[in-house]
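To start, the structure under review is shown below, and the notes come after it.
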Amino acid sequence: MLEFLGLDSIDQLFAHIPASVRLCAGLDMAPGMSEPDVAAVFAELTSRNRGQLATLTCYAGAGAYDHEVPPVVRALGSRSEFVTAYTPYQPEVAQGILQAVFEYQTMVSRLAGLPIANASIYDGATSLVEAVNMAGGATGRQRMLISAGVHPHWRAVVKTFAFGTGHDIVEVPLVNGVTDWASVDATDAACVVSAYPNFLGVLEDLSVAKAVAVNAGALFVVAGDPVAASVLKTAGAWGADVYVGEGQPFGTALSFGGPYLGLFACSEAQIRRLPGRIVGETLDSNGRRSFVTTLRAREQDIRREKATSNICSNQTLMAVTAAIQLGYLGTQGLAEVATRCAQGAHYLFDQLTAIPGVSALHDQPFFREFALRLAKPADLALAALADEGILGGLSLKGLAGDTDPSVEGATSSIVLIAVTERRTREELDRYATALRKVLS
């Protein structure tokens, strides 16, 4: 490998890693230590990290949220039938998995307000890429209009894939937290992509984006928060042709960023272009209810440029876990989770904006996430909050201006804060007290 890369040593291979974080002298461990002793040493080393949710109260969001995962979800989702199951497309050996995925599709379809959902994709960003590809195939066009309110990392992934597909990605800026659709010519657009809520937490009126899509003859794609969908208008209710989302809130731990779960649903008109797998219900030769992958040959996904999608697998374990979580919560339970998120977020927003040196970035409606401007750099404030045992949110340094060019002043002082149902009234009050102390 070193020869192929033109390097002389392993040290050169890792030269891009700062010396301050490299382990140069080896671990100070006695030879011949037992396995429990080694585990204890590493446990002590990891305890020095302040990023553990076991020790920090989490208000970070931006697409990955600290939701409660009930013990029943962990117990059922970790059963060997699910954890060790082979990729489920062979009906003669995978009926249990196929049925679980079928139930998952049904739940995603209901959350999206659209009739068709697939058997999951890798993550939310990948789902958006597939939606853009679907729009290109459906319209024969290359121009894609994407709101800057869509997660910046998702947009970056779309741009990366566009190098290969040749799609022309046009980002539509935000003004005062809302997409300025009037600023762009939608002629020959293949799709119009809007976020609900957007990256800054704002709930936009999607009827404007829908009108732009209709006038252009483009597909309307909604990148939505699936938790919000339990209490707000669904993507289908807004007139979306395609819904994409991140399924991490449904039973998947934060896990340093993955593996996560891509949600994807669409109108019936696009079913033949649906990426990945679809599990359908049928009857076997004996008239018994059974489940199979349907409407596509497995080889369809490996036909390179002629394929409707090059996704030929799915996040089965995460999809099954999501189905368990959604089945456990039920319609009412999920709505209660969403309501607690919204109530906690609005309570905390009122508490924090009453602090001198704190102001709202926008005067717009929000669900469970909001952006604030602080009287000091966000990085410094968040570091001080971590000393108080609080993971206070995400600094939007380098992101806020890219998302909303109308934001005035230094973007390094902007922080994005999320609240989930796990946060108690006492924890919210403690956040307000700690931030007041940090800014005083």
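Identify all residues within the range 18-42 that are of a type in the set (A, V, I, L, M, F, W, C) and loosely packed, with under 10 Cβ neighbours inside 10 Å; write none if there are none.
19, 21, 23, 24, 25, 27, 30
Got at least one residue in the range 119-133 being more than 24 Å from residue 296 (Cβ to Cβ) and more than 17 Å from the chain's Cα centre (by Cα)?
Checked the range 119-133: no residue is more than 24 Å from residue 296 (Cβ to Cβ) and more than 17 Å from the chain's Cα centre (by Cα).
Please find, among 135, 112, the residue that is at pLDDT 95 or above, surrounded by 18 or more Cβ atoms within 10 Å (Cβ to Cβ), touching a Gly at 6+ places or on another chain (Cβ under 9 Å) and closer than 26 Å to residue 269 by Cβ.
Of the residues listed, the single one that is at pLDDT 95 or above, surrounded by 18 or more Cβ atoms within 10 Å (Cβ to Cβ), touching a Gly at 6+ places or on another chain (Cβ under 9 Å) and closer than 26 Å to residue 269 by Cβ is 112.
Kindly establish whether residue 36 is on the phi < 0 side of the Ramachandran plot and under 30 Å from the mean Cα position of the chain (by Cα).
no
Give the range 250-278 a look and list any residue that's under 11 Å from the mean Cα position of the chain (by Cα) and either within 21 Å of residue 193 (Cβ to Cβ) or not assigned by TED's automatic domain parsing to the domain that holds residue 295 (or both), or say none.
260, 261, 262, 263
Only one of (1) at pLDDT 95 or above; (2) not in a loop (DSSP other than H, G, I, E, B) fails for residue 249. Which number is that?
It is condition (2) that residue 249 fails.
Pairs under 7 Å by beta carbon, first residue in contact (Cβ under 8 Å) with a residue 40 or more places away in the chain in the range 263-292, partner part of a strand (DSSP E or B) and among the polar types (S, T, N, Q), six or more apart or different chains?
277/293; 278/293; 279/293; 290/282; 292/282
Just to verify a result, which residue in the range 66-99, among those that are in contact with an Asp or Glu (Cβ under 9 Å, 6 or more places away or on another chain) and within 28 Å of residue 421 (Cα to Cα), is surrounded by the fewest Cβ atoms within 10 Å (Cβ to Cβ)?
Out of the qualifying residues, it is 68.
If you go through the range 109-126 one residue at a time, do you hit one that is closer than 16 Å to residue 162 by Cβ and in a helix (DSSP H, G or I)?
Looking through the range 109-126, at least one residue is closer than 16 Å to residue 162 by Cβ and in a helix (DSSP H, G or I).
Which of the numbered conditions does residue 149 fail, given that it passes all the others? Conditions: (1) assigned to a helix (DSSP H, G or I); (2) touching a strand residue (DSSP E or B) at 6+ places or on another chain (Cβ under 8 Å).
Status for residue 149: all satisfied but (1).
Quick check on residue 276: is it surrounded by fewer than 19 Cβ atoms within 10 Å (Cβ to Cβ), in a loop (DSSP other than H, G, I, E, B), out of contact with any His (no Cβ under 7 Å at 6 or more places or on another chain) and at positive phi? Before you say what the answer is, go through the steps one by one.
Values: surrounded by fewer than 19 Cβ atoms within 10 Å (Cβ to Cβ): no; in a loop (DSSP other than H, G, I, E, B): yes; out of contact with any His (no Cβ under 7 Å at 6 or more places or on another chain): yes; at positive phi: yes.
Taking the combined requirement at face value, the residue does not satisfy it.
Would you be able to say whether some residue in the range 321-332 is buried (at least 22 other Cβ atoms within 10 Å of the Cβ) and either at positive phi or not aliphatic (A, V, I, L, M) (or both)?
There is at least one residue in the range 321-332 that is buried (at least 22 other Cβ atoms within 10 Å of the Cβ) and either at positive phi or not aliphatic (A, V, I, L, M) (or both).
In the range 13-59, how many are in contact with a strand residue (DSSP E or B) (Cβ under 6 Å, 6 or more places away or on another chain) and not aromatic (Phe, Trp, Tyr)?
Total meeting the criteria: 3.
Restricting to the range 295-328, count the residues that are modelled with pLDDT of 85 or more and over 20 Å from residue 262 (Cβ atoms).
1
The values are calculated or read from the model by the stated rules, or taken from the named source; none is laboratory data. Small disclaimer: the values here were computed from a predicted structure and weren't measured. Positions of Cβ are generated from backbone atoms using ideal geometry, with glycine treated the same way; all protein chains shown enter the neighbour counts.
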